[in-house]
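Let me begin by presenting the structure, written as C-alpha cells, before commenting on it.
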Amino acid sequence: MLPGFTWRVESEGGGLAIAIGGSLTLEEAAGLWRRVTEVLERERRFSRVSIDLSQVESLDGSCLALLVHLRAELGKRRVPCEFVGAGKEHRKLLELHGRRRLKRRPRRRPRNAVEQVGQASVNVFHATLHVLDFFGELIVAAATALKRPRSLNLRDVTLTMERAGADAVPIVLLINFLTGFVMAYQSAEQLARFGANIFVADLVGLAMVRELGPLMTAIIVCGRSGAAFAAELGTMKVSEEVDALRTLGLLPLRYLVLPRVLGLMLVAPALTLLADAIGIAGGVLVAAATLDVTPSAFITELQQVMTSWDVTSGLIKSVVFSGTLGIIACQQGLATAGGAEGVGRQTTSAVVISLFSLILLDAIFTVLFGVLTS
Amino acid sequence: MTDPLIRVRGLTLGHTDRVLLENADFDVARGDVFVILGGSGCGKSTLLRHLIGLERPIGGQIEIAGVGAPRLVGEAPEYGVMFQSGALFSSLTVGENVAFALSEWTDLPQPAINAIVRAKLALVGLEAAEDKLPAEISGGMKKRAAIARALAFEPSLLFLDEPSAGLDPVSAAELDELIIVLNRALGLTVVMVTHELQSIFKVGKNCIMLDKESRSIIARGDPRALERESRDPRVRRFFRREAA
C-alpha cells in the first residue's frame, strides 16, 4: 500500500532539506518512523536539517511526536533541526509537544547483595522501632481509656469480638480438628509398633493445649482479622477518614486500634479453648478407629498427664499472640500511604510480620515455660 | 487588622524531600472568608493541613484564637473541617456521620442529637440522605454531608479543602451560596482552598496566592482587587486563566 504522505529529501549546501506532504496520521506512523530512523542513521553527513511541513494536510499527535523525537535526537548530536512552513495550528502543537525538557533522574546504581542485605536489616530495625513506638503509644491510650472509660469505643470492641471470634469459630474448629486428626494419624503407626497405643492421648492432648491450639488459632486470626484490620485501617488512612477522625477530636489509637486489639485479646482464649477441644476430638477419633483406644480410655489418660498449667500456658500464649498480631496489623494499616497499592502492600506486610512474630514469640514462650516449670 | 483569628508567622512547611513554602506570614480575620490560591502542587492543601494541625511545620508559628497551633490530642473539636473527598466514615450512615462528634463529646440525649442532625442535613439540602451510607450518595452529596458534619459541633471556624472541585456548576453554585450564608448568618470564619475562579470571586473576601517556584506568598488581599490591579504576571495569568 502506498504511504498517505510524501517525503522528499534534498541536500543543499551541507544541510538536509526534508519536505513532507499529505496526511501524517497514526496509520502512517510506521512509515514515518522508518524515514526518521533513516535520517538519524545518516545524520553525521549534514550540518543541519530543515523539515518543511507546508504541504502537510493533516497531522496528529503520534506523527508529531516522531518528528519532535527526530529534532530532539538531532539536537543531542549537535545537528540543528528546524520545522518550517507549518501552519499556525501545527506550530502550536509542535511547541506544546516539544517545549519542555524534563531533567532525567540519575539512573539508580544497581545494589550488590551485601548492600541489599544491609538495607533490609536497617528496614527491619526501623520497622521494629515503629512497632515498639506504636506499642508504647497504645499503652498510653489504654491508660487514658482506663481513666476515662467513656472514651473507649466499646462498639468496636464487641464488633471485633463478633467478627474475629464468633465468625471465626467454623474455620478454627475445622483446622484444629484436622490438626489433631493428622497428628494422631501420623503417630499411630509408630505407637502401635511399640504397643504404646494409649500414649496417643498424651501426644495429641499436650501438643494441642500447649502449642498447636494457640498457634493454629493465632495463625487463623492473623489471616482473617489481621489482614482485615490492616486493609480496613489502610483504606481509612488513604481516604482521609483517619484525618477526619482526628479533627473530630478522637485519636485513632484510642478509637480505632485499642478496641480492635482488646477485642482480639478477649476472644482469643475462647477460640483457643475450642481449638484445644476439637483438636483432641480429632485425636480421639483416630485413636478409636486405628489404635483401639476407646474415647473413655483416651480421656482418662489425658486427665492423668495434663495439668491445669498446660491449658493455662496455652491461654497465656493465645492472649499475647492475639495482642501482638492486632498491634502489628493496626500499625501497618495506619502506616499506609499511596492509595490502593499502598493498602495491598501494607496488608501483605502486616500478615508477614505477624506470622514471623508469632513463630518467634512461640519459640520464646517454649523456652521460658520450659525454664519456669523445670 | 485587629485581633486576627489565625496568625501565621515565619511558616516554613513541606514534605521530607522538599520545602513547599518558606517564611510565610499572614493573618485571617474573624468573620473572613479567606481563600488559599495557587497552581497545582504549590502547597495549598499542605498549608491547610498545617493550619488544621494534621502536620507539624518545619519552622514558624501558627496561632489560632491566640493560642498555639491545634494539636489534635483527643479533645472536643473547636473547628470544623471538610476534606476534599468528604472523608465520611464509610461504615456509618450520613446521619451517623453528622451525629458523630455530638455523640462522642456531649451528653445530649439521642432524640436531641437526631433533631440537630436533621437540621444540619436540611441546611445542606440532604434531609433525604440521612439513612444512606456514603457509598450510596454522589460526590457532591458527600461534600455537603461533610460540611454538615463539620458544622455539627457549632464551630466558629471552618476549613474547606476544594469544596466545589468535581461538582457540576449548579451544585458548586449552591455550595458557594451555603458558604456565604454560613459566613453572614452565623459569623463563621471560613478558610478554604480552591482554584475555582467563580467560587473565589463569589465567596472570597481575602486571599493569599502561593507560588511553587518562589515557594512564597506572591499576592494577598481581595481577590477581585487582585484580578483588576495586580501587575504580577503570575497573578494575572491565574485570574485570567492564561497559559504560561
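Quick check on segment A:132-141. Is at least one of its residues closer than 24 Å to A:Gly249 by Cβ, of a type in the set (Gly, Ala, Ser) and either surrounded by 15 or more Cβ atoms within 10 Å (Cβ to Cβ) or modelled with pLDDT under 90 (or both)?
Checked against the condition, which is being closer than 24 Å to A:Gly249 by Cβ, of a type in the set (Gly, Ala, Ser) and either surrounded by 15 or more Cβ atoms within 10 Å (Cβ to Cβ) or modelled with pLDDT under 90 (or both), segment A:132-141 yields at least one hit.
Output the residue which, of all residues in segment B:79-138 that are charged (D, E, K, R) and touching a helix residue (DSSP H, G or I) at 6+ places or on another chain (Cβ under 7 Å), is modelled with the lowest pLDDT. Even if it seems obvious, please write down each step before you answer.
If we filter segment B:79-138 for residues that are charged (D, E, K, R), which is where we start, we get B:96, B:104, B:107, B:118, B:120, B:127, B:130-132, B:136.
Cutting the leftovers down to touching a helix residue (DSSP H, G or I) at 6+ places or on another chain (Cβ under 7 Å) gives us B:118, B:120, B:127, B:130-132.
Numbers: B:Arg118: 92, B:Lys120: 90, B:Glu127: 86, B:Glu130: 91, B:Asp131: 93, B:Lys132: 93.
The extreme case among them is B:Glu127.
Scan (1) surrounded by fewer than 16 Cβ atoms within 10 Å (Cβ to Cβ); (2) modelled with pLDDT of 85 or more; (3) not aliphatic (A, V, I, L, M) for the single condition A:Phe5 breaks and write down its number.
Checking A:Phe5 against (1) surrounded by fewer than 16 Cβ atoms within 10 Å (Cβ to Cβ); (2) modelled with pLDDT of 85 or more; (3) not aliphatic (A, V, I, L, M), the one that fails is (1).
B:Gly60 - would you say it is within 13 Å of chain A (Cβ to nearest Cβ) and at positive phi? Don't jump to the end; show me each part of the working.
On the way: within 13 Å of chain A (Cβ to nearest Cβ): no; at positive phi: yes.
Criteria not met by B:Gly60.
Among A:Ala196, A:Ala228, A:Ala268, which is more than 14 Å from chain B (Cβ to nearest Cβ), out of contact with any Cys (no Cβ under 6 Å at 6 or more places or on another chain) and touching a residue at least 12 places away in the same chain (Cβ under 8 Å)? Working first, answer last.
On the way: A:Ala196 fails: touching a residue at least 12 places away in the same chain (Cβ under 8 Å); A:Ala228 fails: more than 14 Å from chain B (Cβ to nearest Cβ).
Checking each option against the conditions leaves just A:Ala268.
Identify, by number, the condition in (1) in a loop (DSSP other than H, G, I, E, B); (2) modelled with pLDDT of 90 or more; (3) surrounded by 18 or more Cβ atoms within 10 Å (Cβ to Cβ) that B:Arg30 doesn't meet.
(3)
Name the residue that is farthest from A:Gly61 (Cα to Cα), counting only residues in segment A:8-46 that are surrounded by fewer than 17 Cβ atoms within 10 Å (Cβ to Cβ) and polar (S, T, N, Q).
A:Ser11
Looking only at segment A:331-358, filter to residues that are not in a helix (DSSP H, G or I) and not β-branched (Val, Ile, Thr); which one of those is surrounded by the most Cβ atoms within 10 Å (Cβ to Cβ)? Break it down stepwise before answering.
Going through segment A:331-358, the residues not in a helix (DSSP H, G or I) turn out to be A:335-338.
Keeping just the survivors that are not β-branched (Val, Ile, Thr) gives A:335, A:337-338.
On the way: A:Ala335: 20, A:Ala337: 12, A:Gly338: 11.
If we take residues in segment A:331-358 being not in a helix (DSSP H, G or I) and not β-branched (Val, Ile, Thr), then A:Ala335 is surrounded by the most Cβ atoms within 10 Å (Cβ to Cβ).
Does B:Gly53 satisfy the condition of being within 14 Å of chain A (Cβ to nearest Cβ) and either more than 27 Å from A:Ala141 (Cα to Cα) or out of contact with any Cys (no Cβ under 6 Å at 6 or more places or on another chain) (or both)? Step through it out loud before you land on a result.
Details: within 14 Å of chain A (Cβ to nearest Cβ): yes; either more than 27 Å from A:Ala141 (Cα to Cα) or out of contact with any Cys (no Cβ under 6 Å at 6 or more places or on another chain) (or both): yes.
Against the criterion (within 14 Å of chain A (Cβ to nearest Cβ) and either more than 27 Å from A:Ala141 (Cα to Cα) or out of contact with any Cys (no Cβ under 6 Å at 6 or more places or on another chain) (or both)), B:Gly53 qualifies.
Mind checking which residues of segment A:234-256 are more than 9 Å from chain B (Cβ to nearest Cβ) and within 23 Å of B:Glu154 (Cα to Cα)?
A:Pro252
Among the residues of segment B:65-82, is any assigned to a helix (DSSP H, G or I) and within 13 Å of chain A (Cβ to nearest Cβ)? Step through it out loud before you land on a result.
Residues of segment B:65-82 that are assigned to a helix (DSSP H, G or I), as a first pass: none.
There is no residue in segment B:65-82 that is assigned to a helix (DSSP H, G or I) and within 13 Å of chain A (Cβ to nearest Cβ).
Consider A:Ile328 carefully, then state whether it is buried (at least 17 other Cβ atoms within 10 Å of the Cβ), closer than 22 Å to A:Ala168 by Cα and modelled with pLDDT under 95. Quick ask: steps written out before the conclusion?
Details: buried (at least 17 other Cβ atoms within 10 Å of the Cβ): yes; closer than 22 Å to A:Ala168 by Cα: yes; modelled with pLDDT under 95: yes.
Taking the combined requirement at face value, the residue satisfies it.
Is there a residue in segment A:64-85 that is closer than 22 Å to A:Pro3 by Cβ, of a type in the set (Lys, Arg) and surrounded by 15 or more Cβ atoms within 10 Å (Cβ to Cβ)?
Yes - at least one qualifying residue is present in segment A:64-85.
The values are calculated or read from the model by the stated rules, or taken from the named source; none is laboratory data. Computed from a predicted structure; not experimentally measured. A quick note on method: Cβ atoms are made from the backbone with ideal geometry, for glycine too, and the neighbour counts reach across all protein chains shown.
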